[in-house]
Structures are given as structure tokens and as C-alpha cells.
Amino acid sequence: MRDYLDTGHMSEVEHEQKSERNSYYIPHQAVERPGSTTTKMRIVFDASMKTTSGMSLNDHHHCGQKLQQDLPGIVLRFRLHPIVFTTDIIQMFRQINVTETHRPYLRLRYRFSSNEDIQVYEMNTVTFGLRSSPFLAIRTIHQLVQDEATNYPKKKTIVKRDMYVDDIATGAEEEEEAIKMHQSLVSIYAKGHFELRKWSSNSKELQENIPEDHRQTHPVTFKEYDSDYTKVLGLNWQPREDSFSYSYQPNPVRFSKRAILSEIARIYDPLGLLAPVTTALKRLMKYLWLAEVGWDQEIPEEAIVAWRKYHEQLSVLATLRIPRQVTQPNSVYELHGFSDSSEAAYAAVVYCPHI
């Protein structure tokens, strides 16, 4: 909160302005993020909290047109380039100012010490937790690129196809091209006062062209927007090995339909690479539904045995290493699709072999 105030992203409301009739006070709390390499604690604003009118700020906001690409498509394209890199925009929302007349709707109460009086503050920038914030932020980035990258159509394509909210995952055919892309992206974003950090690449030469404090030193995690508190079996990219892997944090085994469904929901697999595992787990859930087992009722002995075996083996997923690149230089490709079904399940897969 002190950082919000010091950077001018939040301002104290003067006494004569506090009586503003049309205003909204946003509840907020701190959420710890032990797995984050940069922001160990995030302030979460709850603009869905209803007031005495029975309505919340989010009830009056439109979410806007969906501008971000689907994450599976971005990761699939990420597998096509020989040289790849990832980066993200530091504090993306907070770099975009909100019109002054709208700031009374972004008020909050806070005090920095229990010895101080509670003060009223206003957020001056796009705030995390509002229904419209993702659209506003992404639309701003699109306009920035439209204005500043007129002569760089490839850079526009990167932003519109390979950017997921504040993360970019893209690549090039050669290291020299990737280095030029890095330089031009930094220049274009800087014109809107956006800074790109946490650069990571499978190219040693590209990494050496990036300041050390701007580099990402940990594996890159591909996660759904705003899901980093629920998905704990995430898809990671290891730049040095240039391979995908999965992280896993086991919960104590519990034998109820609710617990099993919760554990299945924690498996985040945007590319469907774990379908042989998740399909088996879904079949177990289907069995429990057909057996009419209650949510918190103890499951049948047959299901207990199966679930215990699955749970013990889930940790093996953390040992998987899947090559990131699916292409080879100077090759021609064919797409081969297969599908099959049974009473238990159905599935489809598309291969991309080179000939």
C-alpha cells in the first residue's frame, strides 16, 4: 500500500472531497503468493462487494470485448519457433491512469498503523479486481502498438496473437531476429511507459543482451489469468532444457467425492498432454455419480482403492519432460488426426510429423 501511495497510483482524499455522493469504497485484502518470483504479496480488491443498494461496482461495469487470445493457442504457437522468449509487463494495470471524474468509485479506507486514524484514499490507475480492468489494460496496449508500431506489422501480430493479458510468449527463426524483436518491443512499450521484465529465452545470446535484473531466473509458468491461487499442477517451461514440465503440490488424500473433484480441478493442463491421466480420474468421478454417492459421503471401497493408487502416483507427473519445439529446420509437415470413442470416454489428437 505504501508503494501505491509513493508511486502516485493512489492518493489521499482531501477532507472537503470526502462527502462526494457518487462514490464506492472497495474492500481489499492481502494475498500471499509464495510461488511468485517477484510479487510475494498482492493486494486484491473486491469490487463485487454489494453496498446497501444491493448492487456492487462490478454490477455496473461491462467486461468489454474479449481481446486476449486463448492460452492453449499461444502455447501451441510457442512450440513452433526454434528461438523463443517470454516476458511480461511490470505492473501493467497500474501504468494506466483512470479519468479523475471516475476515481471516486475507486475509493478505499486504510491506515498504515494502528495508531493512526483511518484515512480515505482513491486509486488513480486501473485496478485489479474490476470486471472491466482486463479489457481496459489490453485495449490500451493494442492502441499503443497501433500508434507506435505502424511500420512494424510483425510486432502488431505478436501483441495480438502471442500476448496473454500481460505476458508475451513468442519466438523467431534465428537468434539475430529474436534480438531485434527484443529491442523493438522494449522501445515500443517504453513509449507508453510500460516496462518489460522477467525475460527468459532458450537462446544464450539473447539472454546475454538483456540486463541481469530484467531476466527471469526461474522456470516460466503458463497459467490461466487470475488462477494462480487454485491451479497447483501447472505447465512450466524450462528454458535451458527447452522442455515443458509440471509442478505438483500434493494435498493429503481424502476419500469423498468433493475431495476427489477438487484434486482433479487442480490439474492445469492447457495442451491436454495429461489427458491419459485426467481421463482416468474423470472416469472415477463418473462411477461415483452413477453410484449416487453424496458430496461428503465416504466413497465405496472399490473407489477408495483406485483413488489411493491414483493419488500416490500423481507425484510422478513432476518428473515428466516434454520437448518444447515440435518443428525442425527445412522440413515439410503433415497433420494427422485421430479420434476414437467408447462407452467410457472419447478423445481426439492431432500429430504434426515432418516428412
Point to revise | Highest-fluctuation residue, I267, I89, I304 considered, GNM on the chain with Cα pairs under 10 Å | key: I304
Review point. What FRET efficiency, computed as 1/(1 + (r/R0)^6) with R0 = 25 Å and r the Cβ-Cβ distance, is obtained for E173 and L320, rounded to the nearest 0.05?
Key: 0.35
Exercise for review: Report the label-to-label distance for D213 and D70 in nanometres (one decimal), using points 7 Å from each Cα along the Cα→Cβ vector.
Suggested key: 4.1
**Study point:** Using a Förster distance of 25 Å, the FRET efficiency for H62-D340 (Cβ separation, nearest 0.05)
**Key:** 0.05
Check your understanding: Could you work out the helix-only [θ] at 222 nm for the chain, with each DSSP H run of four or more residues adding -39,500 (n - 2.57) and the total divided by the number of residues, to the nearest 500 deg cm²/dmol?
Key -> -8000 deg cm²/dmol
Review point. So, with a 1.4 angstrom probe, what is the percent of accessible area on the range 153-258 that is carbon and sulfur?
Key: 45
Revision key, fill the gap. Ranked by GNM mean-square fluctuation in the chain (Cα springs under 10 Å), the top entry among F194, F135, F112 is F112
**Study point:** Length-normalised contact order for the range 206-355 - Cα pairs under 8 Å, 6+ apart - percent
**Key:** 22
Study note, to complete from the structure: Once normalised by the length of the chain, the mean sequence separation of its alpha carbon contacts under 8 Å that are 6 or more apart gives a contact order in percent of 16
Review point. Using 1/(1 + (r/R0)^6) with R0 = 25 angstrom and r between the beta carbons of R33 and A265, what's the FRET efficiency to the nearest 0.05?
Key: 0.80
Study note, to complete from the structure: A correct Karplus calculation of ³J(HN,Hα) over the range 52-63, with 6.51 cos²θ - 1.76 cosθ + 1.60, θ = phi - 60°, whole Hz and x for Gly and Pro, returns 5, 7, x, 10, 10, 5, 5, 5, 9, 10, 8, 6
**Study point:** Computed over the range 260-330, Cα set: Rg, Dmax in Å
**Key:** 15.8, 58
Review point. Per residue, how much accessible area does the range 293-344 have with a 1.4 Å probe, in Å²?
Key: 74
Review point. How many nm separate the modelled label positions at C352 and N251, each set 7 Å beyond the Cα in the direction of the Cβ?
Key: 3.4
Exercise for review: Convert each backbone phi in the range 191-204 into a coupling constant with the Karplus relation 6.51 cos²θ - 1.76 cosθ + 1.60 (shift: θ = phi - 60°), then list the ³J(HN,Hα) values in order as whole Hz, x for Gly and Pro.
Suggested key: 5, x, 6, 9, 10, 8, 10, 6, 6, 9, 7, 7, 9, 5
Review point. What Rg and what Dmax come out for the range 142-286 when only alpha-carbon atoms are used, in angstroms?
Key: 19.1, 60
Check your understanding: By how many nm would the segment from T327 to M41 grow when fully extended, if each residue of separation counts as 0.36 nm and the alpha-carbon distance is taken off?
Key -> 99.1 nm
Review point. Over the Cα atoms of the chain, Rg to Rh with Kirkwood Rh, two decimal places?
Key: 1.01
**Study point:** 5 angstrom amide H check on S247, placed H, neighbours 5+ away
**Key:** G234, N236
Exercise for review: On the full set of protein chains, 1.4 Å probe, figure out the accessible area of K282 and give it in Å² to the nearest 10.
Suggested key: 130
Review point. Expressed in nm to one decimal, what extension gain is obtained for the pair E205 and S184 from 0.36 nm per residue of sequence separation less their Cα-Cα distance?
Key: 5.9 nm
Revision key, fill the gap. Out of P153, P270, P134, a Gaussian network model of the chain with alpha-carbon springs under 10 Å gives the largest mean-square fluctuation to P153
Practice item. Could you state how much accessible area R139 has, in square angstrom rounded to the nearest 10, with a 1.4 Å probe and all protein chains kept in place? Key: 100
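The values are calculated or read from the model by the stated rules, or taken from the named source; none is laboratory data. Being a predicted model, the structure only gives us computed values, none of them experimental. Here Cβ is always computed from backbone atoms with ideal geometry, including for glycine, and neighbour counts include all displayed protein chains. The accessibility values were calculated without ligands, DNA or RNA, using every heavy atom of the protein model including side chains. Shrake-Rupley method; radii C 1.70, N 1.55, O 1.52, S 1.80 Å.
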